[in-house]
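Undergrad: Please read through the structure below; I'll follow up with questions.
The values are calculated or read from the model by the stated rules, or taken from the named source; none is laboratory data. The structure displayed is predicted, hence computed values, not measured ones. Heads up, the Cβs are rebuilt from the backbone with ideal geometry, glycines too, and the neighbour counts pull from every protein chain shown. Note: accessible area is taken over every heavy atom of the protein model, side chains too, but ligands, DNA and RNA are not part of it. Shrake-Rupley method; radii C 1.70, N 1.55, O 1.52, S 1.80 Å.
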Amino acid sequence: MNKKMKIKEDLNFELLDEIASRWSGRAFADKKLEKDTILQVLEAARWAPSSYNEQPWAFIVGLKGTKNFELILESLSSGNSSWAKNAGALILTLAITELERNGKINKFAQYDLGQSVAFLSLEAERLGLNVHQMGGFDADKAGESFQVKSPFQAMSVLAIGFRGDPESLDEALKQRELSNQTRKRLEKKVFFEEFNH
């Protein structure tokens, strides 16, 4: 039984296939991604909801074999760079922390960026691609490499590509790749009565 089937077995309700089968793999196939494919998943990100429709996000794209890819890769922790180097693209995500309409702090910028990445991830899944989101990177180093200045703030890195063979990973990562994906039960996260936590 493959990992996607195991995920679907744990669902309480039927969901969109892209939601039910999405997971963050680390094994990437050695296959190039076309610029248009990346633009397609970024188009999905463009249509995410945001407070006041500010769309407070931006993306620095590094296709494999480009300088941007190498600069983003250099900002990753060693644990992430060991497998992310095989992805077809690396994307540095940026939150725009000031409101365009009045210059005040946008307290929802990071939240809205997260929504846009969720949309991107589901479109990538629909296209048969894997997206792995990472917080394990040096935001200051990435910001210096690309001269990121306020109100832009480096938030995360996405590795995108075609799924590869888990055997390509070291033993510890391979075990994580093959382990069951779990989620906490709804009753631990959803409250219809008093919230006594």
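Undergrad: Restricting to the range 55-77, name every residue that is surrounded by fewer than 18 Cβ atoms within 10 Å (Cβ to Cβ) and among the β-branched types (Val, Ile, Thr).
TA: 66
Undergrad: Sort out for me the helices (runs of 4 or more DSSP H) sitting completely within the range 94-197 that have 1 or more residues that are closer than 29 Å to residue 55 by Cα and among the small types (Gly, Ala, Ser).
TA: Helices (runs of 4 or more DSSP H) meeting the threshold: 109-126, 139-145.
Undergrad: Working only within the range 107-145, note down all residues that are more than 18 Å from residue 87 (Cβ to Cβ), crowded, with 18+ Cβ neighbours inside 10 Å, touching a strand residue (DSSP E or B) at 6+ places or on another chain (Cβ under 8 Å) and hydrophobic (A, V, I, L, M, F, W, C).
TA: Hits for the range 107-145 are 109, 113.
Undergrad: Can you tell me which residue is least open to solvent (accessible area, probe 1.4 Å) among those in the range 41-54 that are touching a residue at least 60 places away in the same chain (Cβ under 8 Å) and out of contact with any helix residue (DSSP H, G or I) (no Cβ under 7 Å at 6 or more places or on another chain)?
TA: That would be 43.
Undergrad: List pairs: first residue in the range 1-22 and surrounded by 14 or more Cβ atoms within 10 Å (Cβ to Cβ), second residue charged (D, E, K, R) and modelled with pLDDT under 90 anywhere in the structure, Cβ distance under 6 angstrom, at least six positions apart or on different chains.
TA: 20/8; 21/4
So that you can scan it fast, the table gives a plain yes or no per residue for (1) in contact with a Ser or Thr (Cβ under 9 Å, 6 or more places away or on another chain); (2) within 19 Å of residue 42 (Cβ to Cβ); (3) acidic (Asp, Glu):
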{"position": "53", "(1), (2), (3)": "no, yes, no"}
{"position": "60", "(1), (2), (3)": "yes, yes, no"}
{"position": "69", "(1), (2), (3)": "no, yes, no"}
{"position": "79", "(1), (2), (3)": "no, no, no"}
{"position": "94", "(1), (2), (3)": "no, yes, no"}
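Undergrad: Take the range 23-40 and flag every residue that is polar (S, T, N, Q) and open to solvent by 60 Å² or more (accessible area, probe 1.4 Å).
TA: 40
Undergrad: Just to be sure before I move on: is residue 99 buried (at least 21 other Cβ atoms within 10 Å of the Cβ) and in contact (Cβ under 8 Å) with a residue 24 or more places away in the chain in the structure I sent?
TA: No; evaluated as a whole, the condition is false for this residue.
Undergrad: Right, next: With respect to the numbered conditions (1) touching a residue at least 24 places away in the same chain (Cβ under 8 Å); (2) open to solvent by 10 Å² or more (accessible area, probe 1.4 Å), which one is the sole condition not fulfilled by residue 87?
TA: Result: residue 87 passes all but (2).
Undergrad: I need the full set of residues from the range 170-196 which are under 17 Å from residue 20 (Cα atoms), over 22 Å from the mean Cα position of the chain (by Cα) and not basic (Lys, Arg), in order please.
TA: 186
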